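Reviewing the structure listed below.
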Amino acid sequence: MGKFLSYTIGAVIGGVVGGTIVLLTAPKKGEEFRQDIKDKAVTIQQPLKDVANNLNAVKDRVLELKDESIPVLKSTVSDLGNLLKDWKDDIQPYLTKIKNNVVQLEAAKEKLTNKLKTEAPEKKTGEEETPPSL
């Protein structure tokens, strides 16, 4: 308990000494100082009100833009979906034709490979392999 008491006494003495120093070194009387604080508060209030009004205006405009942009974005997405569907419908015949051509090419390749295997002359050892002429 002795430490708490000495701490409390030190805090009280420090507060009294600090307060006395502040009062003795103050450049103005208390009444003048309070009036200066009130004047500063009044001059700061108007710019703060202007900032608050501007922020509210910005918030309102952002909300308006959000409300205006949602239908536009939905319409754009819908239009893009329709364009993509139309494009798929347009290229489908070409894709089918390409697939058929690939199947035909693979069949021709298989036929040619089989033909080359059956008609290839026997190689002699050490003889280089040369591609057949078409």
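The values are calculated or read from the model by the stated rules, or taken from the named source; none is laboratory data. Remember, predicted model here, so these are calculated numbers, not experimental data. All Cβ positions, even for glycine, are placed from backbone atoms using ideal geometry, and neighbour counts span all protein chains on display.
The residue of segment 1-11 that is surrounded by the fewest Cβ atoms within 10 Å (Cβ to Cβ), among those that are aliphatic (A, V, I, L, M) and over 56 Å from the mean Cα position of the chain (by Cα), is Met1. Evaluating Leu23 against the criteria (1) at pLDDT below 80; (2) surrounded by 10 or more Cβ atoms within 10 Å (Cβ to Cβ); (3) part of a helix (DSSP H, G or I) leaves one unmet condition, (2).
Taken as a whole, the structure leaves Pro47 outside the set of residues that are within 56 Å of the chain's Cα centre (by Cα) and not in a helix (DSSP H, G or I).
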